[in-house]
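A short write-up of the structure that comes next.
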Amino acid sequence: MAEILKVSSTSDPSATAGALANTIREEGIAELQAIGPKAVNQAVKAITIARGYMAPSGVDLIFVPSFVDVQIDDENKTAMRMEVRTRLPFKPTKGKEEEDTNSNEPDREGEPAAEELAEGEEAEEEEEEIEEDYPPEDDEEDILDI
């Protein structure tokens, strides 16, 4: 694991973001540690700024916060540690690999995006499709006597 980047309440978020982005580029993962609400605020700002630094290269960042007990000057304190890593791009399983999966565009021409569907409307459409296909027509030639 890379060295823990310690963030204080007076840390410059832009400078911290630069160090964070460089660590991510070199190591693939980084950890920030902050004690106190102002320091945590500066750390979150730094992560947000670092996302902007990494975005042009197609890399997005996520972080997972956790509490850790640390000892400073023989005193136990609780720090917030933020593990920062790259987000893996989402790859759809249904063949639309080149399409932007986070888009609000309709999947099929003329259909509204999922956000635009009224609650329950999608389920009603599926039921209508099923009802159209079932029951099958009773054609004499399709019935087998066994």
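Residue check: residue 34 meets all listed conditions (1) in contact (Cβ under 8 Å) with a residue 40 or more places away in the chain; (2) out of contact with any helix residue (DSSP H, G or I) (no Cβ under 7 Å at 6 or more places or on another chain); (3) among the aliphatic types (A, V, I, L, M) but one, namely (2).
Within region 1-31, being in a loop (DSSP other than H, G, I, E, B) and out of contact with any helix residue (DSSP H, G or I) (no Cβ under 6 Å at 6 or more places or on another chain) holds for 1, 3, 10, 12, 28.
Taking only region 1-40 into account, find how many residues are closer than 12 Å to residue 53 by Cα, buried (at least 19 other Cβ atoms within 10 Å of the Cβ) and out of contact with any Leu (no Cβ under 9 Å at 6 or more places or on another chain). Summing the residues that are closer than 12 Å to residue 53 by Cα, buried (at least 19 other Cβ atoms within 10 Å of the Cβ) and out of contact with any Leu (no Cβ under 9 Å at 6 or more places or on another chain) in region 1-40 gives 1. Could you list, in sequence order, all residues of region 33-68 that are under 19 Å from the mean Cα position of the chain (by Cα) and assigned to a strand (DSSP E or B)? Within region 33-68, 61, 62, 63, 64, 65, 66 meet the criteria.
What do you reckon, is residue 43 modelled with pLDDT under 65 and either within 24 Å of residue 6 (Cα to Cα) or among the hydrophobic types (A, V, I, L, M, F, W, C) (or both)? When the stated conditions are applied, residue 43 does not pass them.
Restrict the check to region 114-137 and report whether at least one residue is outside any helix (DSSP H, G or I), more than 21 Å from the chain's Cα centre (by Cα) and either of a type in the set (Lys, Arg) or modelled with pLDDT of 95 or more (or both).
no
Inside region 59-79, can you point out the residues that are of a type outside the set (Val, Ile, Thr) and surrounded by 10 or more Cβ atoms within 10 Å (Cβ to Cβ)? Residues satisfying the conditions are 60, 61, 63, 65, 66, 77, 79.
Kindly provide the set of residues from region 3-47 that are closer than 20 Å to residue 88 by Cα, touching a strand residue (DSSP E or B) at 6+ places or on another chain (Cβ under 8 Å) and not β-branched (Val, Ile, Thr), ordered by number. Once the filter is applied, which keeps residues that are closer than 20 Å to residue 88 by Cα, touching a strand residue (DSSP E or B) at 6+ places or on another chain (Cβ under 8 Å) and not β-branched (Val, Ile, Thr), region 3-47 yields 20, 28, 30, 31.
The values are calculated or read from the model by the stated rules, or taken from the named source; none is laboratory data. Predicted, not measured: the structure shown is a model, and the values here were computed from it. FYI the Cβ positions are ideal-geometry reconstructions off the backbone, even for glycines, and counts take in every protein chain you see.
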